[in-house]
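Q: Handing you a structure now.
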Amino acid sequence: MVWGISLKNNVPFSIKRRVTGVVIILTITMVSLTLLFSAMSTKHETQEVYDARLSQTAKLLLLTISSFESQLSQASIQSQFEAWMEKIRQLSDSDDDPTVYGHPYENNIVFQLYKNNALVWSSRKDAGVLSPSPEFSGFGDREVDGREWRIFQLHSTDSEFVLVAEKHAIRQEIINEVVLSAILPQMILFPLFIVILIYFIDKSFRPISELRLAISQRSIEKLDRIYVSNQTLELSPLVDTLNQLLEQLELAWQRERQFTRMAAHEIKTPLTILRLNAENALHSQDREQLEQDLGNLLKGIDRTDRVLHQLLTLAKVDSITNLEKQDVVLNNVLQSTLSDLAQLALRNEQHLSLEGDTCSIQGDEFLLGLLFRNLIDNAIRYSGNGSNIDVRVVASDYWYEVFISDSGPNVSDEAREKLFDSFYRANTEKGDGAGLGMSIARDIAVLHNDTVELLPRENHTNTFRIRFKH
């Protein structure tokens, strides 16, 4: 079938064609069954009506003959009946043309009278003997001279009875006409119904065609929202989901382009410096200059390593879509982070401290450690020698809050606005990274549905607050 394709071959099929085909086949099947049952019911009801007429006619005939038999001779009855039938034949132009003397269809009905078990009178002399036997009573079917009759035989005495017969053909003609009158309007209207059905199915599938066209027009350079003029209950959730996906893809693509552009710039600069230091070391004439160039080369390698590490970390954080969470004790993560950074703080003669409530949240322990490390490392690098870096954990009714404070210089208003932007460095003379630490911290907080912010300076301290939901 054109509209149906087996599921085993995995070949795409047309839903519209399949729906149209199924509806048409079901409609044809239902109409056919309706007509079949209608024909069967019509045949049954017609048989009952005509059988009732046969039996009633036989009774009336028997009663009439019994009443007038003494007054009228059989010859006069025969003569009168034949005269009526002859006038019917003369006055009627066709089998369907009634006259004042009756209807031509009367030729399909035969009345016969039997006495002493012999036929004594028949309304049609050419019909022959239609009685199966003198002992027969009731309804029956007879075939005489190739013509089929439906008969009803009724006895008045053991030796006298009447028989009324009707051609089967006349019944079948009535049934055919009734069925045809029921079928003909449907046969005329059915093609129109199919055309209307196909039109409405096609119209109902237009939103799908519109959606397909809209999707085909989208590309990596064109990820704007999809709009369908005729929204449907079935398509609206799909369109909403596609638009959400396009928005996420657009954001990811923008981040990718920005990351690629800035990463190329951030890597190119330290590589250029490394090359200059290496060339200077090759052409150095004295040991002191050589040691200075080699020292600069090592610093450049360290900075490049840090930049690459930050870039890889940012790429990893950006690629996370489904965060697997577990129970994490904030105090343990903070204690481990401070322990890792203690050597760097001692080098700068800085003081680290941790205090506060013990709190446990749902999150990723590695990423939370990276969040705290970036913030504390930022405080160590930019607060200056001899500064104090204090970490406090505070539990309230709705939040767990971590405060990371340092006694370093004040952060300018411009730096506050751009502090969490990717590749932004407020103190280029002190930092050796790519300006991604704060951006990574913000992204990790967002992944945990939490917030990180730099609070207004108070008591000569800069304070970052990370707020976690219970």
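Q: Of all residues in region 267-281 being modelled with pLDDT of 75 or more and open to solvent by less than 50 Å² (accessible area, probe 1.4 Å), which is nearest to residue 301 (Cα to Cα)? Can you show your working first?
A: In the first step, residues of region 267-281 are kept if they are modelled with pLDDT of 75 or more; the result is 275-276, 278-281.
Filter once more, keeping what is open to solvent by less than 50 Å² (accessible area, probe 1.4 Å): 278, 281.
Details: 278: 11, 281: 15 Å.
The residue in question is 278.
Q: Under 9 Å between Cβ atoms, which residue pairs at least 6 apart in sequence (or on different chains) link something in region 28-47 that is touching a residue at least 60 places away in the same chain (Cβ under 8 Å) with a partner that is assigned to a helix (DSSP H, G or I) and of a type in the set (Lys, Arg)?
A: From region 28-47, the pairs are 43/171; 46/171; 47/171.
Q: Please pick out the residue among 182, 214 that is small (Gly, Ala, Ser) and either closer than 30 Å to residue 39 by Cα or touching a Ser or Thr at 6+ places or on another chain (Cβ under 8 Å) (or both).
A: Step by step, each of 182, 214 is checked, and only 182 is small (Gly, Ala, Ser) and either closer than 30 Å to residue 39 by Cα or touching a Ser or Thr at 6+ places or on another chain (Cβ under 8 Å) (or both).
Q: In addition: What number of residues within region 381-417 satisfy the criterion of being within 20 Å of residue 332 (Cα to Cα), open to solvent by less than 40 Å² (accessible area, probe 1.4 Å) and either of a type in the set (Val, Ile, Thr) or more than 51 Å from the chain's Cα centre (by Cα) (or both)?
A: Going through region 381-417 one residue at a time, the tally reaches 6.
Q: Right, next: I'd like the residue in region 100-135 that is modelled with pLDDT under 75 and open to solvent by less than 30 Å² (accessible area, probe 1.4 Å) and, out of all such residues, is farthest from the chain's Cα centre (by Cα).
A: 102
Q: For region 440-462, which residues satisfy the criterion of being part of a strand (DSSP E or B), open to solvent by 20 Å² or more (accessible area, probe 1.4 Å) and either farther than 24 Å from residue 327 by Cβ or touching a His at 6+ places or on another chain (Cβ under 8 Å) (or both)?
A: 453, 454, 455, 456, 457, 458, 461 - these are the residues of region 440-462 that are part of a strand (DSSP E or B), open to solvent by 20 Å² or more (accessible area, probe 1.4 Å) and either farther than 24 Å from residue 327 by Cβ or touching a His at 6+ places or on another chain (Cβ under 8 Å) (or both).
Q: Another one. Just give me the residues in region 196-218 being open to solvent by 90 Å² or more (accessible area, probe 1.4 Å) and either touching an Asp or Glu at 6+ places or on another chain (Cβ under 6 Å) or of a type outside the set (A, V, I, L, M, F, W, C) (or both), in sequence order.
A: Across region 196-218, the qualifying residues are 199, 203, 206, 212, 217.
Q: To continue, here is another question. Could you pull out the residue among 363, 369 that is small (Gly, Ala, Ser), in contact (Cβ under 8 Å) with a residue 60 or more places away in the chain and over 18 Å from residue 462 (Cβ atoms)?
A: On the way: 369 fails: in contact (Cβ under 8 Å) with a residue 60 or more places away in the chain.
When all the criteria are applied, what remains is 363.
The values are calculated or read from the model by the stated rules, or taken from the named source; none is laboratory data. Remember, predicted model here, so these are calculated numbers, not experimental data. Note that we place each Cβ from the backbone using ideal geometry, even for glycine, and neighbour counts take in every protein chain shown. Heads up: the accessible areas ignore ligands, DNA and RNA and are worked out on the full protein's heavy atoms, side chains in. Shrake-Rupley method; radii C 1.70, N 1.55, O 1.52, S 1.80 Å.
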